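Inspection log for the structure reproduced underneath, given as structure tokens.
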Amino acid sequence: MNWGWKIALAYSAFVALTLFMVINSMNHEVNLVADDYYRQDLEYQQQIDRIKNTRRLSQPLHIALKGKVLSLQMPEDIDPRQVEGVVHMFRPSDFKMDRTIPLQLKEDRSQVIALDDYAGGLWKVKVTWKSNGMEYFKEDNIVLR
């Protein structure tokens, strides 16, 4: 085989590899963190304010995982009757598994969430709530087994 055939073979292999990579990347599913990420980015100053408000509380929101039960305990300076918010269970590896749960505190400022039907692995617990006109946010990572 002379050098002309070797160049043609190398060029053909390059074209085949390039076509394979293009087709493979077009068939790959892309999971965005959020579909409305641009709007969320524009509103991020509000998120910074929520985090600052949360840091000013006398005690932090306590998020604990025991087995497949997630418990939330609000600080003492939060009135459970004045609270409205959500718990967003965010799965970084698969957005289809994300869930949003309304925040429904008991009189002792706690809420228990059963996670029996949640897949094992890393989850981000994002709690956003409003109380007495102030907005708050707390995020924590948990690993389900």
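Computed from the coordinates by the stated procedures, all read-outs in this text should not be read as laboratory data. A quick note: this is a predicted structure, and the numbers were derived from the prediction, not measured. Cβ atoms come from the backbone with ideal geometry, glycine included; neighbour counts cover every protein chain shown.
Across every pair of non-identical alpha carbons in segment 52-130, the mean reciprocal distance, once inverted, gives a Kirkwood radius of 13.4 Å.
For Gly121, the residues 5 or more places off, or on other chains, whose built amide H falls under 5 Å of its own are Leu144, Arg145. In percent, rounded to a whole number, the relative contact order of segment 37-144 is 29, using alpha-carbon pairs under 8 Å and six or more apart.
In plain terms, the chain from Gln104 to Ser25 could stretch by 24.1 nm, reckoned as 0.36 nm per residue minus the Cα-Cα distance.
Rounded to the nearest Hz, the phi-derived 3J(HN,Hα) couplings of segment 41-56 under the Karplus curve 6.51 cos²θ - 1.76 cosθ + 1.60 (θ = phi - 60°) are 5, 5, 9, 5, 4, 4, 5, 4, 5, 4, 5, 4, 4, 5, 5, 7, where x marks glycine and proline.
In sequence order, segment 106-120 has phi-based couplings of 7, 4, 8, 6, 10, 8, 10, 10, 7, 10, 4, 9, 8, 6, x Hz under the Karplus curve 6.51 cos²θ - 1.76 cosθ + 1.60, θ = phi - 60°, and Gly or Pro positions carry x. Modelled label positions at Gln59 and Ala114, each set 7 Å beyond Cα in the direction of Cβ, lie 2.7 nm from each other.
Quick one: Debye curve from the C-alpha atoms of the chain, no solvent, what's log10 I(q)/I(0) at q = 0.11, 0.12, 0.14, 0.19 Å⁻¹? Values returned for q = 0.11, 0.12, 0.14, 0.19 Å⁻¹ are -0.55, -0.61, -0.76, -1.19.
Computed about its Cα centre, the charge dipole of segment 1-96 is approximately 380 debye, with only Lys, Arg, Asp and Glu carrying charge at their Cβ.
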